[in-house]
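See below for the structure under consideration.
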Amino acid sequence: MDLIKERFSIFVNISLRLLFLLVLLGSIGLSFAVLIKLPMCDIVSVVLVCSAVLLVTIGGGYLTYKYIKLNKNYKIILLIILAVAFIIRLLWILLVDVAPISDFRVIYKAGGQFAKGNYSTFKGTGYIARFPHLTITSIYFGIIQKIFTHHALLVVRLINIALSTFNVYMLYLIGNELYGSKKKGLWIAFLSSIFPPFIIYNLITCSENLAMPFFLASIYIFMLVVKGKKGSKWLVISALLLSIGNLFRMVGPVIVVAYILYLIVYWQRKKVVKASLSIILTFLIPLYITNTVLLSQGITEYPLWKGREPAITSVLRGTNLKSIGTWTVEDSEIPKRYNNDYKAVEDASKAIIKERLTTTPVYKLIPFYIAKFIGEWSLGDFAGMSWCTDILEILNTSADLTTYVSFYSQIFYVIMLLFVYRGLFNKKQYLENKEINLFYIIFCGYGLLYLITELQQRYAYIISFVFVILAFSFNEEVFMRRLNRRNILRETKANNKNIVRG
């Protein structure tokens with residue numbers, strides 16, 4: 001590894017040690033916050049139930065470990081994991097059957113209007129016209145409602161399950177390539193099969209469910225190219241898949257930047273310019289074609305990337321110190337105050353942002369952005385439960401299903417983050433396994449984006465797979481050596497006791 005690669009890798013790694021430490025501490029704090037308002041008897045109930053579920057999860061992990069160790073037929077093991085992933089997700093949507101709420105209800109209803117030939121929400125000051133990045137998702141829901149009139153929502157969720165199970169498979173492939181180990185690939189598949197957000201979000205009519213499979217497939221092909229297993233022409237396929245995913249959830253440009261930065265630092269520098277141009281053009285062309293078709297057919301009024309409401313309003317909400325960057329009535333009413341005049345709203349938003357950032361002392365701004373970063377990445381279910389369920393009673397306590405699932409998700413997430421954090425100290429990975437730096441760069445890119453824009457924990461869900469992948473970056477040899485050493489010591493102590501008794 002040359003000096004530039006090494007220094008860049010070390011810089012990113014040290015930065016992530018600090019960032020992930022903040023996330024880890026925030027996640028531990030939120031574990032207690034979930035329970036803080038409950039009576040003691042309910043806290044005991046939640047802790048006992050979640051501990052029991054966690055023990056079952058650990059038991060499943062142990063059985064998987066033993067099966068992988070004894071059985072070399074990895075295809076059978078993978079099929080079992082995929083089957084379990086599918087069944088868990090299916091049971092979830094069947095047992096917790098609730099209607100879409102809040103923003104997702106609006107998006108789903110917009111699809112229903114599209115199915116009836118009513119495009120009003122895509123024009124003027126309609127919801128989708130204000131946020132046109134939701135256009136393709138709404139049209140998708142509309143097509144489903146047009147075909148499956150009476151069971152459209154169930155069909156949407158069944159498709160979510162199929163895509164989520166596909167994600168498990170893609171993560172297996174990515175893990176296999178990243179670590180050069182089918183065993184680690186299987187472990188990543190197992191972890192993703194039971195990762196709470198990957199289960200919870202199947203109930204939700206959100207664009208992330210549709211975008212993530214394309215993002216993962218794009219990343220997998222990109223890895224094959226940079227590892228020399230596919231020719232550079234395959235970068236076009238990678239960019240095309242990313243572009244399709246971006247049509248559903250328009251945060252793909254962050255991954256484009258990550259690709260190009262990775263190519264500049266770690267790949268063949270003579271091919272970087274040509275490769276970067278092919279990625280950018282392939283990524284943009286489907287977006288422009290789709291946008292042109294929608295405009296020409298009279299479905300939409302504004303470009304997919306520039307709606308009636310300026311994107312700067314998201315940055316405006318993200319700079320509100322009183323709400324730690326979350327949504328407020330004060331900021332949301334800015335467009336109405338200026339009668340939805342694009343230029344006036346944009347100018348007003350910029351003025352308020354400038355005032356907030358220039359008049360607030362640095363000693364207040366720094367804690368604000370630290371708190372905002374922690375708030376974005378420290379919720380174990382990535383706010384999934386708050387979006388997919390109303391209050392559902394369980395076990396005759398005042399704690400609802402949301403409390404139980406949220407606490408379990410939080411504990412699960414904390415344990416996973418401990419493994420992720422431990423992996424950051426494995427020099428063999430970030431200095432020798434250069435592909436792992438792609439995931440570090442992707443996380444940093446989204447971390448920066450969400451630091452600037454409005455804080456919504458749901459936004460982090462789209463790349464939550466990064467945590468699953470990085471959870472196995474620790475030094476497995478050292479870990480197993482220490483584990484075996486402990487087992488040997490336990491056996492020795494047990495034998496000594498038996499000798500004494502004899």
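The values are calculated or read from the model by the stated rules, or taken from the named source; none is laboratory data. Please read all numbers here as calculations on a predicted model, not as lab measurements. Note: ideal-geometry Cβ built from the backbone for every residue, glycine included; neighbour counts use all protein chains shown.
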Inset, instruction - Say whether the condition of being out of contact with any Gly (no Cβ under 9 Å at 6 or more places or on another chain), over 14 Å from L316 (Cβ atoms) and surrounded by 13 or more Cβ atoms within 10 Å (Cβ to Cβ) is met by at least one residue in region 371-381. - result: yes
Legend entry - Of all residues in region 271-293 being under 14 Å from M250 (Cα atoms) and hydroxyl-bearing (S, T, Y), the one that is surrounded by the most Cβ atoms within 10 Å (Cβ to Cβ): T290
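Kindly indicate whether any position in region 340-361 is surrounded by 15 or more Cβ atoms within 10 Å (Cβ to Cβ), of a type in the set (S, T, N, Q) and either in contact with a helix residue (DSSP H, G or I) (Cβ under 9 Å, 6 or more places away or on another chain) or at pLDDT below 90 (or both).
The initial filter retains those residues of region 340-361 that are surrounded by 15 or more Cβ atoms within 10 Å (Cβ to Cβ), namely 340, 342, 344-346, 348-349, 352-353, 356.
So of that shortlist, the ones also of a type in the set (S, T, N, Q) come out as 340, 349.
With either in contact with a helix residue (DSSP H, G or I) (Cβ under 9 Å, 6 or more places away or on another chain) or at pLDDT below 90 (or both) added as a condition, the list becomes 340, 349.
Yes, because at least one residue in region 340-361 is surrounded by 15 or more Cβ atoms within 10 Å (Cβ to Cβ), of a type in the set (S, T, N, Q) and either in contact with a helix residue (DSSP H, G or I) (Cβ under 9 Å, 6 or more places away or on another chain) or at pLDDT below 90 (or both).
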Legend entry - Where E208 falls short, out of the listed (1) charged (D, E, K, R); (2) surrounded by fewer than 19 Cβ atoms within 10 Å (Cβ to Cβ); (3) within 16 Å of the chain's Cα centre (by Cα): (2)
Inset, instruction - With the checklist (1) over 21 Å from I174 (Cβ atoms); (2) not hydroxyl-bearing (S, T, Y); (3) not in a helix (DSSP H, G or I) in hand, flag the one item G228 doesn't pass. - result: (1)
Inset, instruction - Could you please tell me which pairs satisfy a Cβ distance under 8 Å, a separation of 6+ or placement on different chains, a first residue in region 1-23 that is farther than 26 Å from S378 by Cβ, and a second residue that is among the charged types (D, E, K, R)? - result: M1/E432; M1/K434; K5/K434
Inset, instruction - State which residue pairs qualify: first residue without any contact (Cβ under 8 Å) to a residue 40 or more places away in the chain and inside region 69-90, second residue of a type in the set (V, I, T) and in a helix (DSSP H, G or I) in any location, beta carbons under 7 Å apart, and separation of 6 or more residues or different chains. - result: N71/I77
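Can you tell which of Y430, Y446, Y413 is within 30 Å of S51 (Cα to Cα) and either in contact (Cβ under 8 Å) with a residue 60 or more places away in the chain or within 16 Å of the chain's Cα centre (by Cα) (or both)?
Details: Y430 fails: within 30 Å of S51 (Cα to Cα); Y446 fails: within 30 Å of S51 (Cα to Cα).
Matching residue, one of Y430, Y446, Y413: Y413.
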Legend entry - Count - residues of region 100-131 that are in contact with a Ser or Thr (Cβ under 6 Å, 6 or more places away or on another chain) and outside any helix (DSSP H, G or I): 2
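Got a sec? Which of G318, G307, G325, G298 is touching a Pro at 6+ places or on another chain (Cβ under 9 Å), small (G, A, S) and more than 30 Å from E435 (Cα to Cα)? Lay out the reasoning, then the answer.
On the way: G318 fails: touching a Pro at 6+ places or on another chain (Cβ under 9 Å); G325 fails: touching a Pro at 6+ places or on another chain (Cβ under 9 Å); G298 fails: touching a Pro at 6+ places or on another chain (Cβ under 9 Å).
Of G318, G307, G325, G298, the one residue that is touching a Pro at 6+ places or on another chain (Cβ under 9 Å), small (G, A, S) and more than 30 Å from E435 (Cα to Cα) is G307.
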Inset, instruction - Answer yes or no as to whether I81 is buried (at least 20 other Cβ atoms within 10 Å of the Cβ), under 25 Å from L203 (Cα atoms), touching a Phe, Trp or Tyr at 6+ places or on another chain (Cβ under 6 Å) and of a type outside the set (F, W, Y). - result: yes
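Output the residue which, of all residues in region 14-50 that are hydroxyl-bearing (S, T, Y) and surrounded by 15 or more Cβ atoms within 10 Å (Cβ to Cβ), is modelled with the lowest pLDDT.
S45
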